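S.K.: Let me give you the structure first, and then I'll get to my questions.
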Amino acid sequence: MRVDPTRWSTPGFAEELRGFVEAAVGPVDLEQVKLQPWSSVWRATASDGAVYWAKQNCGSSAFEGELLVLLDRLVPGRVLPVVAVDEGSGLLLSPDQGDVLGFEHDDLDVWTRIVGEWAQLQRDTAPFVGEIATAGVEAMPLAETLAWVRESVGVLTGLAADDPRRLGDRAAARILECLPAVAAAVDVVGALGLPPCLVHNDLHGNNVFATIDDRPLRFFDLGDAVVASPTVDLLVPLGGLADVLTCERDDPRLWRVAQAWIGAWDDVAPAAALRAAMPAAMRLARLGRVEAWLRMVLAGGVVVDDEIAGLGAQWLGTLPDPPLLDTRLPAGR
């Protein structure tokens, strides 16, 4: 799906947006509150004071609205509800859900709740992964990992020498040299026997709405999602927490959060095996971030600044580096 982000601040798009929103909820006041190369968000205030949010994703993430509708049917009350979706552009409208949990904090109870509830959502939607893929979510099968890495290295090194998206030759050589470690990681994660699942691929507190009365959290911002091994969804929350804590990659506090995910899956694979597989999963998880970048910036043609343009090569270049949770295992089952 091709979507032109350069239109998002134009009078013509504003007219189309108003028609879409008002067809769903009646007359509104509209205000553009966020404009990024990959998405834009507008606040819509109805005549009765109700607040809605309209979001337009770039083409590579335009599946988000349809995916949210599907998930709300499969697991009601656990994702952002959607009032309307435009099938042609992926433009979506949702009611205000209040505050997000936030990202830059060290509250381990919050992080464990995010990880644990998302893991349960993965489990509950795993039988419907075919429908999720049909909604537009890209699949990253474990069996294709090595071929995917080789192809991505080839594509990124093949860019012009002055292209900020290019992967340097030295970084490319390091990646290719570590392919045996990648193959070993694939074997370890594959041996767990976990089904492919919806991977959020950007799971953190700014993408989760707070709830009251112990109701389930509501997840959103699924434009980077992939279908892959559920193990890889720990990278973003653990990496974010490690940054906030400025801690070592095997810090016991990271393991405490990881345990919330492990506990949701330890009836499918032994907890000890899940824990032992975490370093391998964290290595492979980097590829999901690269995939989201590739489909947005490279395949999708979204124009970004040089810093963001280089993120794909940067993420791929970390593949040989020691992953999170890689130096010791906690005591336990």
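The values are calculated or read from the model by the stated rules, or taken from the named source; none is laboratory data. Model, not experiment: these values are computed from the prediction. With ideal geometry, Cβ positions are generated from the backbone for all residues, glycine too; neighbour counts draw on all protein chains shown.
S.K.: Go over the candidates 283, 249 one by one and state the one that is surrounded by fewer than 23 Cβ atoms within 10 Å (Cβ to Cβ) and in the same structural domain as residue 114 (by TED's automatic domain parsing).
M.R.: 249
S.K.: If you go through segment 21-34, how many residues are touching a residue at least 12 places away in the same chain (Cβ under 8 Å) and either assigned by TED's automatic domain parsing to the domain that holds residue 296 or within 20 Å of residue 222 (Cβ to Cβ) (or both)?
M.R.: So the count comes out to 0.
Yes/no matrix, rows are residues, columns are (1) of a type in the set (S, T, N, Q); (2) in contact with a strand residue (DSSP E or B) (Cβ under 6 Å, 6 or more places away or on another chain):
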position	(1), (2)
5	no, no
12	no, no
16	no, no
30	no, yes
34	no, yes
40	yes, yes
46	no, yes
65	no, yes
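S.K.: Would you point out the residue of segment 212-224, among those that are over 10 Å from the mean Cα position of the chain (by Cα) and touching a residue at least 60 places away in the same chain (Cβ under 8 Å), that is farthest from residue 137 (Cα to Cα)?
M.R.: Applying the filter and picking the extreme gives 215.
S.K.: List the pairs whose first member sits in segment 36-59 and is farther than 12 Å from residue 96 by Cβ and assigned by TED's automatic domain parsing to the domain that holds residue 136, whose second member is outside any loop (DSSP other than H, G, I, E, B) and hydrophobic (A, V, I, L, M, F, W, C), and whose Cβ atoms are under 8 Å apart, counting only residues at least 6 apart or on separate chains?
M.R.: Close Cβ pairs satisfying both conditions: none exist.
S.K.: Going by what's in this entry, would residue 228 be described as closer than 27 Å to residue 90 by Cα, crowded, with 20+ Cβ neighbours inside 10 Å and not charged (D, E, K, R)?
M.R.: It is true that residue 228 is closer than 27 Å to residue 90 by Cα, crowded, with 20+ Cβ neighbours inside 10 Å and not charged (D, E, K, R).
S.K.: Identify, by number, the condition in (1) within 27 Å of residue 300 (Cα to Cα); (2) in contact (Cβ under 8 Å) with a residue 12 or more places away in the chain; (3) within 20 Å of the chain's Cα centre (by Cα) that residue 116 doesn't meet.
M.R.: (1)
S.K.: Does residue 321 qualify as being under 30 Å from residue 124 (Cα atoms), part of a loop (DSSP other than H, G, I, E, B) and of a type in the set (Asp, Glu)?
M.R.: So residue 321 fails the test.
S.K.: If you don't mind, there's one more thing I want to ask. Residue check: is residue 169 over 30 Å from residue 50 (Cβ atoms), surrounded by fewer than 15 Cβ atoms within 10 Å (Cβ to Cβ) and modelled with pLDDT under 95?
M.R.: When the stated conditions are applied, residue 169 does not pass them.
S.K.: I would also like to ask the following. May I ask you to say which residue of 176, 146, 142 is assigned by TED's automatic domain parsing to the domain that holds residue 241 and either crowded, with 17+ Cβ neighbours inside 10 Å or under 18 Å from the mean Cα position of the chain (by Cα) (or both)?
M.R.: When all the criteria are applied, what remains is 142.
S.K.: Hey, another quick one. Output the number of the condition that residue 55 fails; it satisfies all remaining conditions of (1) closer than 27 Å to residue 132 by Cα; (2) out of contact with any Leu (no Cβ under 6 Å at 6 or more places or on another chain); (3) buried (at least 17 other Cβ atoms within 10 Å of the Cβ); (4) of a type outside the set (A, V, I, L, M).
M.R.: It fails just one condition, (2).
S.K.: Buried (at least 20 other Cβ atoms within 10 Å of the Cβ) and of a type in the set (Val, Ile, Thr): does that describe residue 75?
M.R.: Criteria not met by residue 75.
S.K.: Being surrounded by fewer than 21 Cβ atoms within 10 Å (Cβ to Cβ) and within 21 Å of residue 110 (Cβ to Cβ) is the requirement here; does residue 258 meet it?
M.R.: When the stated conditions are applied, residue 258 does not pass them.
S.K.: Right, next: Can you name the helices (runs of 4 or more DSSP H) wholly within segment 206-306 that have at least 2 residues being aromatic (Phe, Trp, Tyr)?
M.R.: Answer list for segment 206-306: 252-265.
S.K.: Taking residue 135, is it under 22 Å from residue 233 (Cβ atoms), in the same structural domain as residue 293 (by TED's automatic domain parsing), touching a Pro at 6+ places or on another chain (Cβ under 8 Å) and at pLDDT 95 or above?
M.R.: It is false that residue 135 is under 22 Å from residue 233 (Cβ atoms), in the same structural domain as residue 293 (by TED's automatic domain parsing), touching a Pro at 6+ places or on another chain (Cβ under 8 Å) and at pLDDT 95 or above.
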